[in-house]
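Novice: The following block contains the structure, expressed as structure tokens.
Read the figures in this text as sums done on the coordinates, not as results from a lab. Note that this is a predicted model, so its numbers are computed, not measured. In this analysis, Cβ positions are derived from the backbone assuming ideal geometry, glycine residues included, and neighbour counts consider all displayed protein chains.
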Amino acid sequence: MLERWRAGDRAAGQALFERHFASLYRFFQNKCAADTDELVQSTLLACLSAKEQFRGDSSFRTYLFSIARNKLYRYLRDRKRDPNLDVSITSIAEVITTLRSAIARDQAHQALLDALRELPVEQQTLLELYYWEELDTLELATIFEVQVGTIQTRLFRARGKLRELLLSNAPESLEELDRMARKAGAPNPDP
């Protein structure tokens with residue numbers, strides 16, 4: 001079918017793209033839902049314009065997803081306005097922020113801070129030093145003047161108490177988040 005398409009058979013090309021369309025659409029939908037159509041179209045057009053460059057070293061599907069991957073990376077770099085964006089360490093959530101995700105992230109951050117402030121000062125300090133300052137248990141044992149095993153036990157208890165506080169203060173449902181988004185001026189938050 002690929003050879004027929006390359007020889008000018010439009011129907012073969014159409015059938016080839018239809019065969020892979022759902023997979024390609026899903027590939028982009030799972031990462032950047034708002035611009036899926038645009039990215040699929042861009043990928044298919046790039047594939048169409050470069051059909052003679054396909055050497056056949058791999059399957060057409062592999063070739064198509066190589067183009068899709070490059071389109072995705074370019075899209076993310078453009079979106080972040082950083083040509084040196086390292087996709088090996090950057091998540092989609094860091095690049096693409098919808099109103100809903102921004103509200104959810106702010107709400108989660110505030111819930112974490114509120115819960116941390118409800119902990120005893122020693123537990124709050126221990127968790128902050130461990131997670132935010134990335135001190136290991138040996139360093140924490142020195143700071144708190146206790147044994148490493150004691151730090152491990154205290155971390156376990158502090159995490160458990162924090163988890164309990166977060167669960168008790170968590171939004172009751174996604175509808176709560178939708179109400180907050182509407183209050184913020186977005187009557188139709190992203191699905």
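Novice: With no solvent and one point on each alpha carbon, what is the Debye value of log10 I(q)/I(0) for segment 2-93 at q = 0.14, 0.26 Å⁻¹?
Specialist: -0.54, -1.39
Novice: Cα-based Rg of segment 9-150 per 2.2 N^0.38 Å, rounded to two decimals? List each step's numbers first, then the result.
Specialist: Details: Rg = 23.6 Å, N = 142, 2.2 N^0.38 = 14.5 Å.
That works out to 1.63 for segment 9-150.
Novice: Right, next: Which GluC sites (Glu not before Pro) does segment 7-114 hold that lie in a coil by DSSP with at most 14 other beta carbons within 10 Å? Display every interim value, and only then the final one.
Specialist: Numbers: sites: GLU18, GLU38, GLU52, GLU94; in loops: none.
Counting only loop positions with at most 14 other Cβ atoms within 10 Å, none of the GluC sites (Glu not before Pro) in segment 7-114 qualifies.
Novice: Further, regarding this structure: Using θ = phi - 60° and the Karplus relation 6.51 cos²θ - 1.76 cosθ + 1.60, list the HN-Hα couplings for segment 4-12 in order, rounded to whole Hz, with x at every Gly or Pro.
Specialist: Karplus-based 3J(HN,Hα) across segment 4-12 equals 5, 5, 5, 7, x, 7, 5, 4, 5 Hz.
Novice: Continuing with the same structure: To the nearest 20 debye, what is the magnitude of the charge dipole of segment 2-93 about its Cα centre, counting +1 on the Cβ of each Lys and Arg and -1 on the Cβ of each Asp and Glu?
Specialist: On the way: 16 positive and 11 negative charges, 19 e Å.
Computed about the Cα centre, the dipole is about 80 debye.
Novice: Excluding residues on the same chain fewer than 8 positions from LYS161, give the aspartates and glutamates whose Cα lies under 18 Å from its Cα.
Specialist: Here the aspartates and glutamates satisfying the reach criterion relative to LYS161 are ASP114, GLU118, GLU122, GLU128.
Novice: Straight-line reach from LYS71: which aspartates and glutamates have a Cα under 16 Å away, not including same-chain ones fewer than 8 places off?
Specialist: Result set, ordered by chain and number: ASP35, ASP37, GLU38, ASP82, ASP86.
Novice: If I model a spin label as a point 7 Å beyond the Cα along the Cα-Cβ vector, how far apart are those points for SER66 and HIS109 in nm?
Specialist: So the label points at SER66 and HIS109 sit 4.0 nm apart.
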